[in-house]
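Working notes, beginning with the structure itself.
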Amino acid sequence: MKWILLIGLIFYWNCGFAQKILEQRTLSTSLIYHHGLSVPKTPELNYIIQDKLSAKEIKIGFHPNPNKSWINQYSVSEIGIAYYQGPLGSDEVLGEINSIYPYITFRLSNWKNLNLFTSIGTGIGIVSKSFHPVENYANKLIGSKYNAHVNLNFQLKYELDPFNLIGGIYFSHISNGSTKHPNSGFNYITSNIGVSIDWGKRKKIRKVDILYPKLDNEFFFISNHAFKEKSANDPHTYYVSNLSTGYLWGINSKQRLGFGIDLFYDESINRGDWNLSPETDFENRIYQGIFIGHDFVFSRLSFSAQVGVYTYYQSKPASSSLYNRLAFRYKINKHLLINLGLKAYLDQSDYIEFGIGYYFNKTKKS
């Protein structure tokens, strides 16, 4: 078996690509019903969640050309926008969420007419009832009307052409990234069932599977900025900034691994009394850390996950010496990029950061 695999790889390397015929339509519309449960971060909040959690979702997507580089590499089957509406477990205290988010769907496997997909989406969710110290003090989960809505969906689809039957498992998180407290956020798991319709003329596409080269190594420097609240009892909003620099190695055509150094400035550190007296000096607001990271690269867009540890500080970190970051980065041109990220301590959000950076590639020697 090993020899057969080796011969196959050598043949694939020499040929450079293979071809197969696909048939697909251009657009799709999906109607999905969700039913499941909320998972509070702390058990004492279970008393708030009293009602059954059900929701409705509408998706409009298009099926991209499978011969585009990153579409081909990641087996992307659909890109689109979704509208999600449903309760959050208590009509009186928590209300409901209305969310709009873009999503991308990847094909994992297929068996004749049965296909397995995973879908990732992130966007803006509007919560109808948030925390208020007088009018809604029982809501200790979310303190803002506008929040980030992040979801992951595993889905089976049975194709009947043009109709498709859908069923799957949906994981979702809603929070504001500590821009306003409280920010325990919502986590919930639902099963879902629905139907989708494919639109447009059925086209035959000659799909080409190409052997793509490794990504170049890359150096980056990013300046990030954010604002956050410290707690529900502190009404002030604090400024936070971060300088991040690192080096990434291309390990294949889709991924990079790397390491780097962070320098943080956080005005909320050790502020003393609620009236900011005494005021913390500059040195005590500085943190320095090192991190390791992994990037998925989709053409100009990349998704980065990092884990870091503080190596220098005067004020002890409030949560942990370990921190993590998830970020989307988009390359504007050959050297400039923009960054949108979430810094956290495991599942506890610290802040949402926005930044601009500089990068350059180091071509691998052949």
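The values are calculated or read from the model by the stated rules, or taken from the named source; none is laboratory data. Computed from a predicted model, the values in this text were never measured in an experiment. Please note: Cβ atoms are built from the backbone with ideal geometry, for glycine as well, and neighbour counts cover all protein chains shown.
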Please find, among Y323, Y358, Y351, Y287, the residue that is part of a strand (DSSP E or B), surrounded by fewer than 16 Cβ atoms within 10 Å (Cβ to Cβ) and of a type in the set (F, W, Y).
-> Y358
Could you tell me which residue of region 140-166 is surrounded by the most Cβ atoms within 10 Å (Cβ to Cβ), considering only residues that are among the aliphatic types (A, V, I, L, M) and within 27 Å of the chain's Cα centre (by Cα)?
-> L141
What do you reckon, is S109 surrounded by fewer than 21 Cβ atoms within 10 Å (Cβ to Cβ), over 16 Å from N151 (Cα atoms), in the same structural domain as L27 (by TED's automatic domain parsing) and small (G, A, S)?
-> yes
Within 19 Å of the chain's Cα centre (by Cα) and in the same structural domain as R202 (by TED's automatic domain parsing): does that describe Y137?
-> no
Evaluate region 29-37: report whether one residue or more is closer than 17 Å to G185 by Cβ and either within 26 Å of the chain's Cα centre (by Cα) or at pLDDT below 85 (or both).
-> yes
Given (1) of a type in the set (G, A, S); (2) at pLDDT 90 or above; (3) not assigned by TED's automatic domain parsing to the domain that holds H34, G167 misses just (3)
Apart from one, (1) more than 15 Å from F221 (Cα to Cα); (2) under 13 Å from the mean Cα position of the chain (by Cα) all hold for A327; the odd one out is (1)
Considering every residue within region 140-155, establish whether at least one is part of a loop (DSSP other than H, G, I, E, B), out of contact with any strand residue (DSSP E or B) (no Cβ under 7 Å at 6 or more places or on another chain) and either closer than 24 Å to S54 by Cβ or in contact (Cβ under 8 Å) with a residue 24 or more places away in the chain (or both).
-> yes
Tell me which residues, restricted to region 297-356, are without any contact (Cβ under 8 Å) to a residue 60 or more places away in the chain, farther than 21 Å from H149 by Cα and among the hydrophobic types (A, V, I, L, M, F, W, C).
-> V307, V309, A318, L322, I332, L336
Of the residues that make up region 77-97, is at least one assigned by TED's automatic domain parsing to the domain that holds N176 and farther than 24 Å from H35 by Cβ?
-> yes
What are the residue pairs meeting all of these: first residue in region 173-200, first residue farther than 14 Å from H34 by Cα, second residue of a type in the set (D, E) and in a strand (DSSP E or B), Cβ atoms under 7 Å, and 6 or more apart or on different chains?
-> S178/E229; S178/D350; T179/E229; K180/E229; H181/E229
Every listed condition ((1) in the same structural domain as F264 (by TED's automatic domain parsing); (2) assigned to a loop (DSSP other than H, G, I, E, B); (3) not aromatic (F, W, Y)) holds for S178 save (1)
Within region 334-345, can one find any residue that is closer than 26 Å to G123 by Cβ and modelled with pLDDT under 90?
-> yes
